[in-house]
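**Q** Before we start, here is the structure in question, set down as structure tokens.
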Amino acid sequence: MESKYAALRRTAEETAAVDAHAHNLVGDGSAFPFLRCFSEADGADALAFAPHTLSFKRSLRDIAALYNCEASLEKVEEFRRAEGMSSISSKCFKAANLSAILIDDGIDFDKMLELEAHKAFAPTVGRILRIEKLAETIINDESFSASSWTLDSFTEIFVTKLKSVANKIFGLKSIAAYRSGLEIDPNVSKTDAEDGLRKELSGQRPLRITNKNMIDYLFTCSLEIAVSYHLPMQIHTGFGDKDLDLRKCNPLHLRAVLEDARFSKCQIVLLHASYPFSKEASYLASVYSQVYLDFGLAIPKLSVQGMTSSLKELLELAPIKKVMFSTDGYAFPETYYLGARRARDVVYRVLSAACEDGDLSIQEAIEAVEDIFRRNALYLYKLNVANGSVSQITAIGDNNISLSEQDVLFVRVVWVDASGQHRCRVVPAGRFYDIARKKGIGLTFASMGMTSFTDGPADGTNLTGVGEIRLVPDMSTLLRLPWLRREEMVMAEMQIRPGEAWEYCPRNTLRKVTKVLLDEFNVTMKAGFENEFYLRKKIVSGEKELWVPFDNTPYCSTTAFDGASSMLQEVYTSLKAAEIVVEQLHAESGKGQFEIALKYVLCTLAADKLIYAREIIKSVARKHGLLATFLPKPDLNDIGSGSHVHLSLWENDQNVFMGSSEYNYYGMSKVGENFLAGVYHHLPSILAFTAPHPNSYNRIQPNTWSGAYQCWGKENREAPLRTACPPGIPLDLVSNFEIKSFDACANPHLGLAAIVAAGIDGLRRGLKLPEPTESNPADYASKLKRMPQDLMESVEALAGDRILHELIGDKLVTAVIGVRKAEIDHYAKNPAAFADLIHRY
């Protein structure tokens, strides 16, 4: 079983996690007892029994293994004293692999470190504000006498202080469970709250607010601010130390709050897996859109079986997109390490069991790991974590400006149509976060029937201006624009109604065919794109504006790179901020032509990242006064630009395209050969997706490394299909194959979907490849079949390709053919129109 789930285990162990709920560390010499690292018990008598718990014995062994010392409390404490807090903190946090930590600094420990000090141990640190601590700090201020307080004066100061820090924090937190319980009355009257405040003020200072009416008022007031400022509210639920009454900590008591219309848009995070009420928490997350779950403290404080059953109970009903990791680390760096170490193990156990049960595929489980440990928190807490810095997506505002809009003004909702053009609808940030991110925005059916020469639907697409879809943001793709800090962009799902994909949606089409590949053959495909593009600079001659080549240098010219270096440095930095990994970049053969090669990732992610990469390259070039064009053949007398894609097949984190001692067909496995044979067989049809413009065929010519003849070969750059043996791979094997006949007029999701569909056909039928072509295919022109020499040939091949119609969808293929025929007709009649395409691609 372990080998079967190796990829899942690796993802669980290596994902850099966002710790969404933790507390301050203490410094050397703190009086806070180290035994509290293992238990919620307080006091010497209760703590004396802590070493006899299952979690203590396991956790002590975990820490001893990290410190490479004897597994005894005495030896661990001896090691801690010898190393010092700074050294062990570095060791624990490195092992925990946390990319960001959100700290509730509302607990006072002896010698507690300031928030800023934690940045020495974790890449990024943010603050969660505890509302009861803020209220008590205000009331206990010695500059105010108890008799001077009224509810109105308290509320004014409390709200002012909360608003003053709202752009510096990432959420609020309530410990109402510790004070009066979770049966909060959101309609508590001001009279009752005033009475509660008076009763609190009659007690001894420093006071600790416990009056239920006052707690309910404070909670409701804070939640109203949280809603208006787009801040999540963390709520302690379930077990904790003996200060709480566990009977009052069941999250079901929150029903009155959840049913209140004022709070239908809030985001409530139930902490600690609500243990022992995990099932109840799971139910609430499944029926209330505003409820999210965090399992810190339950992991690692319970036994292995307890942790496993608690997480299983959370996932019984709750959407995976609502379940989050945290360590609930506090005081001691070991608590962070234990929380992370055990969470990774338990999440793996639960998700691998779900795969065995048939609830998840392995790939879905891997995606769930990324969601639970990272993506869900990034989305909920509106974090941008990149290059060791953390920033909020939203910030405070005033007057009539939405809270989002002082920090982020616009959000671009991006899609790519059937003609390969990048398009977006722009939504003001306030409206986006209030409405559009969940409900989407309207878009006409005609959008997927548009061409590169007009913004109306082409004849034959069966798409018109009648009917509307929803562009629903995929928040996992949300990106702060590195070159325009006050804007974001997000990829859109095309849905006919919420939750139901439109059959013309390119992203869903790729997911659909990759699911078939996974379900039938337990295989996924990874893709890495090479981006070739031309840089042009503007000159004005008389009244005429001309875009001319940036330079006139050869392939891999140092001079060319030097001339464009400042622009390319900003491109690289922006790509890195977008978590797009660049493997190489260099000057290409054309005048002013460059290439940026991206690392391979799962093909669904690769398509999204390719779109973002093009956006970044074009936008940064524009910022530098240049035009970057990805058009396949902008100059008929110069070399063309491709978007070559390298593809590999994977099963359980193993490259299964590569041959082995059991099967080796020119370096390929049987799976690899069958898949590639399917692509080879359908290649003329595939070109209608991957070389989709009349201009594409000006590029696909003999002796231009673009794949002009239907053949394949090992390391043959003139073949449209090249198997590759990169450095580190044995010479008798190949690890991937490259498709040369792919350019930037293609919608990358549709291009990859066509390739996957063809590969599926090859696997189903066990197709075989012909012998490879081992020299220039042009030398065998009389024997080899020429690839389609114009778009019409590709369209005709696609029209008769039953397999692609079936797997991609007949309606979508029909629309694609309609767009292609319209472009063939238009550019045949208007050849001069090609010149304008440098601004569209």
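The values are calculated or read from the model by the stated rules, or taken from the named source; none is laboratory data. What you see is a predicted model, and the numbers here were worked out from it, not measured in a lab. No Cβ is skipped: glycine too gets one built from the backbone with ideal geometry, and neighbour counts run over all protein chains shown. Remember, those area values only see protein heavy atoms, side chains included, never the ligands or the DNA or RNA. Shrake-Rupley method; radii C 1.70, N 1.55, O 1.52, S 1.80 Å.
**Q** Over all distinct alpha-carbon pairs, what is the Kirkwood Rh of the chain in angstrom?
**A** Result for the chain, one decimal place: 29.4 Å.
**Q** Evaluate Rg over Rh across the range 197-313, taking Cα atoms for both radii and Kirkwood's formula for Rh.
**A** Over the Cα atoms of the range 197-313, Rg/Rh equals 1.01.
**Q** Roughly speaking, what % of Cα-Cα pairs in the range 606-731 are separated by over 25 Å, rounded to a whole number?
**A** Above the 25 Å cut-off, the range 606-731 has 39 percent of its Cα pairs.
**Q** Normalise the Debye intensity by I(0) for the range 410-511, one equal point scatterer per Cα, no solvent, then take log10 at q = 0.12, 0.16, 0.22 Å⁻¹ and round to two decimals.
**A** Ignoring solvent entirely, the Cα scatterers give -0.39, -0.69, -1.18.
**Q** If you average 1/r over every pair of different alpha-carbon atoms in the range 512-839 and take one over that average, what Kirkwood value in Å do you get?
**A** Every distinct Cα pair counted, the radius reaches 20.3 Å.
**Q** Here's another thing I want to ask about it. Around D328, which amide H atoms from residues at least 5 apart in sequence, or from another chain, sit under 5 Å from its own amide H, with H modelled in the peptide plane?
**A** Sorted by chain and number, the residues that satisfy this are H21, L297.
**Q** Any idea how far the Cα center of the range 102-161 sits from the one of the range 232-291, in Å?
**A** 23 Å
**Q** For the range 8-20, in order, what is each residue's ³J(HN,Hα) by Karplus, 6.51 cos²θ - 1.76 cosθ + 1.60 with θ = phi - 60°, in whole Hz (x at glycine and Pro)?
**A** 3J(HN,Hα) across the range 8-20, in whole Hz: 5, 4, 4, 5, 4, 7, 9, 5, 6, 8, 9, 8, 8.
**Q** Output needed: percent of Cα pairs per 10 Å distance bin for the range 598-659, bins running from 0 to the one holding the longest distance.
**A** 18, 35, 28, 14, 4
**Q** Which value, in debye to the nearest 20, gives the size of the charge dipole of the chain about its Cα centre, when Lys and Arg are +1 and Asp and Glu are -1 at the Cβ?
**A** 680 debye
**Q** Hey, another quick one. Kindly state, to the nearest 0.05, the FRET efficiency for R127 paired with E583, given R0 = 45 Å and r defined as their beta-carbon distance.
**A** Between R127 and E583 the formula returns 0.75.
**Q** What are the extents of the Cα atoms of the range 262-345 along their three principal axes, in Å, largest first?
**A** Principal-axis extents of the range 262-345 (Cα, largest first): 40, 25, 19 Å.
**Q** If you don't mind, another one. Hey, what angle do you get for helix 212-228 against the long axis of the chain, alpha-carbon based, 0 to 90 degrees rounded to 10?
**A** 20 degrees
**Q** Under the rule of at least 5 residues apart or a separate chain, name every residue whose amide H is placed under 5 Å from the amide H of Y709.
**A** Sorted by chain and number, the residues that satisfy this are M787.
**Q** Counting only protein chains, not ligands or nucleic acids, how are W712, W650 ordered by accessible area (probe 1.4 Å), most first?
**A** My answer, sorted largest first, is W650, W712.
**Q** Taking the convex hull of the alpha carbon atoms in the range 2-381, what volume per residue do you get, in Å³?
**A** Value for the range 2-381: 135 Å³ per residue.
**Q** Moving on to the next point. Rank-order 60-67, 208-215 by packing density, defined as the average count of other C-beta atoms within 10 Å over each peptide's residues, highest first.
**A** 208-215, 60-67
**Q** Also, I was wondering about something else. If DNA, RNA and ligands are ignored and the probe is 1.4 Å, what is the ranking of D359, D260 by accessible area, most exposed first?
**A** D359, D260
**Q** Would you mind calculating the gained length between N187 and D28 on full extension (0.36 nm times residue separation, minus the Cα-Cα distance), in nm to one decimal?
**A** Result: 52.6 nm gained on full extension.
**Q** To test your reading of the geometry: what angle, between 0 and 90 degrees and rounded to tens, separates the Cα axis of helix 670-690 from the longest principal axis of the chain?
**A** Orientation of helix 670-690: about 70 degrees from the principal axis.
**Q** For R127, which sequence-distant residues (separation of 5 or more, or a different chain) have an amide H within less than 5 Å of its own amide H, given hydrogens modelled in the peptide plane?
**A** The answer is I103, F170.
**Q** Now for a different question. Just how many % of Cα pairs in the range 773-841 lie over 14 Å apart, if you round to the nearest whole percent?
**A** Percent of Cα pairs beyond 14 Å in the range 773-841: 71.
**Q** Output the peptides 217-223, 423-429 sorted from most to least packed, where packing is the average of other Cβ atoms within 10 Å over each peptide's residues.
**A** In decreasing order of mean packing, 217-223, 423-429 become 217-223, 423-429.
**Q** With the Cα gyration tensor of the range 227-286 in hand, convert its eigenvalues to equivalent ellipsoid semi-axes via √(5λ) and list them largest first in whole Å.
**A** Here the semi-axes work out to 21, 12, 10 Å.
**Q** Next up: What angle do you read, to the nearest 10 degrees and between 0 and 90, between the alpha-carbon axis of helix 73-83 and the longest principal axis of the chain?
**A** 70 degrees
**Q** May I ask for the Kirkwood hydrodynamic radius of the range 1-158, worked out over all distinct Cα pairs and given in angstroms to one decimal?
**A** Roughly 18.9 Å, rounded to one decimal.
**Q** Take the alpha-carbon centre of the range 565-617, take the same for the range 476-539, and report the distance between them in whole Å.
**A** Computed from Cα coordinates, the inter-centre distance equals 15 Å.
**Q** Sum -39500 (n - 2.57) across every DSSP H segment of at least 4 residues in the chain, then divide by the residue count to get the 222 nm mean residue ellipticity, nearest 500.
**A** Per the formula, -11500 deg cm²/dmol.
**Q** Work out how much length S72 to Q569 would gain on full extension: take 0.36 nm times their residue separation and subtract the Cα-Cα distance, in nm to one decimal.
**A** Gain in length upon complete extension: 173.7 nm.
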